[in-house]
Structure formats: C-alpha cells, structure tokens
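Q: First the structure, which I've put down as structure tokens, then a few questions once you've had a look.
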Amino acid sequence: MKKNGVIVGCGWLGQPLGVELAKLGFTVFGGTRNVEKITILSQKGINGFLIDFSEQEISLDLSSEQIKNTSLVIFSIPPSGFTDYGETLLTIAKLFPPEAHLVFSSSTGVYKEVNEIVDESSALDENHSVAKAEILLLNNYKERLTILRLAGLIGENRHPVKYFLNKQDIPNGLAPINLIQLTDVIQAFLIVIQYKKINSIYNICSPQHPTRMDYYGEVSQLKFGVKLSFIPEGSGKTVDGSKIVNQTSFRYNTSIFEV
C-alpha cells in the first residue's frame, strides 16, 4: 500500500519536490492557500488540497483516511504573514500520525550575523521567526524531525541577482555569498527522506562562496547583459554545507554559476 506524502506549502520548491516524491512511490498531496493552484498541482500529478488559516484556525482539506495514511510531512511555507509561525507549524504537525517523518524546510538565515564560517552547531539568532520555529519543533518532535537549512535559492525564474539590476555602488561587495541550486535542494530532500535521516539538521549550501561583487557582477552580465558596480568592502558569514556530504551519499552537483 502506498503511503501518503504531504507537502504543506506546494509552491516554487514544493511542486518539483512533489513530482520527484511521486517517483519514489508516494501518493503526494500538496497544500496551498490558493484554490486556483489546485488544477496546476493536479497537472503535475500532485493531489492539491486547500489550507485555511482564517480566523486563527487551521484546517486542511484532507480526509481522516488520507491523514491516517500519511508517513511524511514536509513543511515548506514561508514565515511571512503569520503571527506565530512556529505555533502554526506545531498545530499542523499535531494533525498527523505520531510516527510520520517531519521535514522542515528552514533557512541559513537563522544563524547570527558573524564574520566566520558557520555550521549546524553555530549560534542561532533566537529572535528570528524561523529559528523560533525550529526550536519549537525540536522541543516537541526531535525524534522524528529532519531540518534542512537552505541557503539562498536559485533556479528556474528565480535568482537574487534581479534585486541588483537597477542599482549601482552596491554595498558589501566583499561579503561571501551563500546560495544553492534548486536541483541540489531537491536531491537533498530525497536523500534524507529515503534514508530517514531523522533527528538531524543539515545546511544545504553550495561549497562555492565567491564575493558578492565577483558573483553577481559576472552573473548579471551573463544573464542580463548588465554591468554592476560594487563597493569593495564588507564581510559576512560563510555557511558550511559539508555535513550532509559527510554523512550521506548526497553531493553538490550544480554550480551556482549555471544560470
């Protein structure tokens, strides 16, 4: 009997991830707040369902049988728009069977702003809404939770260089960048799901860390034919994403310069 995999927040990341989960044998359900996306999800082989956060209540348009047969729940909804992001995720988690594997799509933005290399043991900014959500989930579901801290996402129709195209004398030109290609992100999810790497936290960040001026300067010309100017100053954290490589068969396969 197939097990259900539920993606709470089936958007830019969730949709291609759902397609790949179906190939692993999951019956995939993708949650969205937009009724118009249900048809789009269906066309991709994903069973779309509505998530309702209205009036401080959370409801999922899934049957009790569908919930009962769920073995995997992926949280892929951004923190914006929630009064208490962590409590929202916790409330949703409680709806599913106690043995379901929970995977939280977190962010490397949870780390404190330091001028050094950070790994999974580094200090968090505990005022960050995503860090607060991590702590809450760990306090309640540590033994069946996987946290993937994603660096800045790049891929189809999405690239942070777009924010710089109409700017000049961009500050912090010497700060290192921390990015990851969508294709690598999906592979990381699939590996931790297949091998049930529960009670684990992994940074998912490319080992390539050029400066902002070197990277965005090159990509802006390659992708848009625009020459940018940066102020050669600044520093910042470098996210170490090697733990998942050392502990699993995962490898970073796509260069961040592939645009």
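Q: I'd like to know which of V118, N166, L60 lies farthest towards the positive end of the charge dipole of the chain, counting +1 on Cβ of Lys and Arg and -1 on Cβ of Asp and Glu.
A: Most positive-ward Cα: L60.
Q: Multiplying the sequence separation of W12 and Q221 by 0.36 nm and subtracting their Cα-Cα distance, what value in nm do you get?
A: So the chain would gain 72.7 nm between W12 and Q221.
Q: Further, regarding this structure: Can you tell me which aspartates and glutamates have their Cα less than 18 Å from the Cα of K68? Leave out same-chain residues fewer than eight positions away.
A: Correct list for K68: E99.
Q: Would you be so kind as to identify which of I46, I244, P97 lies farthest towards the positive end of the dipole of the chain, taking Lys and Arg as +1 and Asp and Glu as -1 on Cβ and the Cα centre as origin?
A: Result: I46, furthest along the dipole toward the positive end.
Q: How large is ³J(HN,Hα), in whole Hz, for each residue of region 78-84 in order, when computed from phi with the Karplus curve 6.51 cos²θ - 1.76 cosθ + 1.60 and θ = phi - 60°, using x for Gly and Pro?
A: Calculated HN-Hα couplings, in order: x, x, 5, x, 10, 5, 9 Hz.
Q: Still on this structure, I have one more. Using the Cα centre of region 160-259 as the reference point, and only Cβ charges (+1 on K/R, -1 on D/E), how large is the resulting charge dipole? Debye, rounded to the nearest 20.
A: 300 debye
Q: DSSP loop GluC sites (Glu not before Pro) in region 162-259 with at most 12 other Cβ atoms within 10 Å of their Cβ, which ones? List each step's numbers first, then the result.
A: On the way: sites: E218, E233, E258; in loops: E233, E258.
Those satisfying the criteria are E233, E258.
Q: Using 1/(1 + (r/R0)^6) with R0 = 41 angstrom and r between the beta carbons of E143 and D169, what's the FRET efficiency to the nearest 0.05? Please report the intermediate quantities before stating the final value.
A: Details: r = 50 Å, r/R0 = 1.23.
Efficiency for this residue pair is about 0.25.
Q: Using amide H atoms built 1.01 Å from N in the peptide plane, name the residues 5+ places from Y111, or on other chains, whose amide H lies under 5 Å from its own.
A: Close amide H contacts, sequence-distant or interchain: D125.
Q: Hey, what's the per residue convex hull volume over the C-alpha atoms of the chain, in cubic angstrom?
A: Dividing the Cα hull volume of the chain by its residues yields 138 Å³.
Q: Moving on to the next point. Do the alpha carbons of any pairs in K3/K196; K142/K196; K112/K196; K94/K237; K112/K223 sit beyond 24 Å of each other, and which pairs?
A: Listed pairs above 24 Å: K112/K196; K94/K237; K112/K223.
Q: Here's a follow-up. Picking from F75, F96, F224, which is most flexible by a Gaussian network model of the chain using Cα springs under 10 Å?
A: F224
Q: In whole Hz, what ³J(HN,Hα) sequence does region 119-127 give by Karplus (6.51, -1.76, 1.60; θ = phi - 60°), x for Gly and Pro?
A: Those phi angles translate into 10, 5, 9, 6, 5, 9, 7, 6, 8 Hz.
Q: From the phi angles alone, apply the Karplus equation (6.51, -1.76, 1.60; θ = phi - 60°) to region 44-50 and give each ³J(HN,Hα) in whole Hz, x where the residue is Gly or Pro.
A: For region 44-50, the Karplus curve yields 9, x, 10, 7, x, 9, 8 Hz.
Q: Excluding residues on the same chain fewer than 8 positions from K227, give the lysines whose Cα lies under 17 Å from its Cα.
A: Excluding near neighbours in sequence, the set is K162, K167.
Q: Quickly work out the I40-to-K196 label distance, labels modelled 7 Å from Cα along the C-beta direction, and quote it in nm with one decimal.
A: A separation of 3.4 nm, rounded to one decimal place.
Rule-based calculations on the coordinates, nothing more; no lab input. The structure displayed is predicted, hence computed values, not measured ones. Glycine gets a Cβ as well: all are built from the backbone with ideal geometry, and neighbour counts include every protein chain shown.
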